[in-house]
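Down below is the structure, laid out as structure tokens.
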Amino acid sequence: MRRVKKYTLENPSEFKDQLLYWGQQFDDIVWLDSNEYTQQYTSYDKVLAVDAFTSIKTDYDGAFDQLKEYQEQTKDWIFGYLSYDLKNDTENLVSNNLDDLHFPDLYFFQPKKLFFLKDNILEVQYLRMVDDEIEEDFNEISGLSRDVWMSSFTKNDTESPCGKVKISLRITKDVYKEKVNRMLAYIHRGDIYEANFCQEFFAKDSCIDPLQTYCHLNNISKPPFATFFRMNDQYLLSASPERYLRKEGQKIISQPIKGTAKRSEDSLDDQKMIRDLKNDPKERSENIMIVDLVRNDLSRTAIKGSVLVEELCEIYSFKQVHQMISTVISEVDETVSPVDVIKTTFPMGSMTGAPKISAMQIIEELEESKRGLYSGAVGYFTPGGDFDFNVVIRSILYNEKEKYISYTVGGAITAQSDPDKEYEECLLKAKAMREVLEGM
């Protein structure tokens, strides 16, 4: 079905930039970048999928069944996203909050052209209808002038017709604190143990250069699950540090994040922040509650006795923050559909709460904006039914046609939460996006 060709690259770092720039000519783009972050579960350093041959786009009603049929019929690489609001397809839930982004709830496409970069080896996979273009495309990418693609990545504001972006808050600090207190009342009453509460920051009648914005955001954060996604005039520019779910053969891997601390330029102070985060009872309780939720979700498709906690409350350091991450694994029977594994665990526990359904009901009540793709997932299925998906956080969403820019941040609310500290954590998580958009 696909012609495969491999190249040995002399300068893979430069070729990566050339490849991302070259891909901008297409209306359907998924770019995945690990930023060479050391991690146990990984297949490629960079992936580029472009030029849709077939696709599926739908709202939440029956979305997982449609995706399952598409994945089974295609039996090929497919790339795309799952929005948070697919919760309404699996449970009796609704999404009635404000939506100014207007992304479909689910979108996947079968790319004509695929590029996989690992170390200095480039693997190219083209559908047969375009496989006569492999050599021509490779030479075009390799021959791109450094001045051409570098200028696109590093335009300054005087060169851009967009200028500065002015960010507005969907809710004020006082309203945020009042809503957190209402969530704490639900917790103290025993309705939930924990819930992820989010707030949106946005700009109307504004524009950005998506590629330049993504490159700036990625350079600030260097996360392991960075994504540049384009679907015509709708963009996701993501610096996500979190994996949602990965399938390797019969093995399933989930790596929820709960627990955040800022970085310090002073090495001794930075080490202290790591120790403080690792030993913080509130942060550990947040993480452990979500680990229990993930274990329960995975057990719905797992072979009996195969659900294990591989890592509990380990600290991983990124350029902007330290994060507390756990790794939960399971084994599934080979007859289990990969889409069913996702359906029974979605949305991810780190972005919902416990108990999951009650938490999602309260989230819908208290949040002001529809989450959409934020706290959803972007990734791919392989022809053999493996998959890998991130969690869409630390991300900018952009509807170019509507001239609407949005980023959302949130945190886990537990019985020990202090509204002022939760708000400060939100601002810490929002720092990179605001810096990129406002030049702060």
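Ranking Pro12, Ser254, Gln110 by Cα position along the charge dipole of the chain, where only Lys, Arg, Asp and Glu carry charges on their C-beta atoms, puts Ser254 farthest toward the positive end. Reducing segment 170-198 and segment 358-372 to their Cα centroids gives an inter-centroid distance of 11 Å.
By the Cβ distance rule (another cysteine Cβ under 4.7 Å), the unpaired cysteines of the chain are Cys198, Cys215, Cys313, Cys426. For the chain, the equivalent ellipsoid derived from the Cα gyration tensor has semi-axes of 33, 26, 22 Å, listed largest first. One decimal place: the segment Gln40-Asn219 gains 62.2 nm when fully extended, by the rule 0.36 nm per residue minus the C-alpha distance.
Full extension of the segment from Arg275 to Ser358, taken as 0.36 nm per residue of separation minus the current Cα-Cα distance, would add 26.6 nm. For the residues Thr382, Thr335, Thr74, a GNM of the chain with alpha-carbon springs under 10 Å puts the largest fluctuation on Thr335.
Charged side chains reduced to their Cβ positions (Lys and Arg at +1, Asp and Glu at -1) give segment 292-421 a dipole of some 280 debye around its Cα centre. Counted over all Cα-Cα pairs of segment 54-190, pairs farther apart than 27 Å make up 57 percent.
For segment 158-306, the alpha carbon positions stretch 58, 46, 39 Å along the principal axes, listed from largest to smallest. Across all directions, the shadow cast by the convex hull of segment 199-286 built on its C-alpha atoms averages 9.3 square nanometres.
If R0 is 41 Å, what FRET efficiency do you get for Ser13 and Ala185 from their C-beta distance, rounded to 0.05? For Ser13 and Ala185, the calculated efficiency is 0.20.
Within the full protein context, the accessible area of Arg146 is estimated at about 130 Å² for a probe radius of 1.4 Å.
The charge dipole of segment 1-124, taken about the Cα centre with unit charges on the Cβ atoms of Lys, Arg (+1) and Asp, Glu (-1), comes to about 760 debye, rounded to the nearest 20. When the Debye formula is applied to the Cα atoms of segment 291-416, each taken as the same point scatterer, what base-10 log of I(q)/I(0) results at q = 0.09, 0.11, 0.12 Å⁻¹? Debye curve over Cα of segment 291-416, log10 I(q)/I(0) at q = 0.09, 0.11, 0.12 Å⁻¹: -0.32, -0.48, -0.58. In this label model, Lys204 and Lys304 are separated by 5.8 nm, measuring between points 7 Å along each Cα→Cβ vector.
A simple charge model with +1 on the Cβ of Lys and Arg, -1 on the Cβ of Asp and Glu and nothing else charged puts the dipole of segment 61-122 at about 500 debye relative to its Cα centre.
Remark: spin-label model distance Ser152-Val130 equals 1.5 nm, labels positioned 7 Å along the Cα→Cβ axis. The distance from the alpha carbon centre of segment 236-290 to that of segment 30-50 is 19 Å, rounded to a whole number.
Pairwise Cα separations in segment 353-412 fall into 10 Å bins from 0 onward with the following percentages, short to long: 17, 39, 31, 13, 0. Protein heavy-atom accessible surface, 1.4 Å probe, per residue over the chain: 41 Å². Accessible surface of the chain, 1.4 Å probe: 45 percent of it comes from carbon and sulfur atoms. For Asp59, nonlocal amide neighbours, meaning residues 5 or more places apart or on other chains whose placed amide H falls under 5 Å from its own, are Asp105. Val339: net charge of surrounding residues, Cβ under 12 Å, Lys/Arg +1, Asp/Glu -1, itself excluded? Net local charge, Val339 excluded: -2.
The Kirkwood radius of segment 275-324, taken over pairs of alpha-carbon atoms, gives through the Stokes-Einstein law at 37 °C and 0.692 mPa s a diffusion coefficient of 267 µm² s⁻¹.
Figure note: His216, His322 ranked by solvent-accessible area, largest first, 1.4 Å probe, ligands and nucleic acids not counted: His216, His322.
Derived scalar couplings between HN and Hα for segment 313-323 equal 6, 7, 9, 10, 10, 10, 4, 9, 8, 9, 10 Hz in order, rounded to whole Hz, by the Karplus curve 6.51 cos²θ - 1.76 cosθ + 1.60 (θ = phi - 60°), x for Gly and Pro. Here the spin labels are modelled as points 7 Å beyond Cα on the Cα-Cβ line, and at Thr335 and Asp27 they lie 4.2 nm apart. Under 5 Å between amide hydrogens, built in the peptide plane, is the criterion, and for Thr352 it picks out Asn196 among residues at least 5 positions away or on other chains.
Among residues other than Arg284 with Cβ under 10 Å from its Cβ, the summed charge is 0 (Lys and Arg +1, Asp and Glu -1). Summing charges over all other residues whose Cβ lies under 12 Å from the Cβ of Ser145, with Lys and Arg as +1 and Asp and Glu as -1, gives -3. Orientation-averaged projection of segment 266-351 equals 6.6 nm² [convex hull of Cα atoms, one quarter of hull surface area]. Between Lys166 and Gln73, residue separation times 0.36 nm minus the direct Cα-Cα distance comes to 28.9 nm.
The values are calculated or read from the model by the stated rules, or taken from the named source; none is laboratory data. From a predicted model like this one, the values you see are computed outputs, not experimental measurements. So basically every Cβ, Gly included, is an ideal-geometry build from the backbone, and we count neighbours across all protein chains shown. Surface areas here come from the heavy atoms of the whole protein model, side chains and all, with no ligands, DNA or RNA. Shrake-Rupley method; radii C 1.70, N 1.55, O 1.52, S 1.80 Å.
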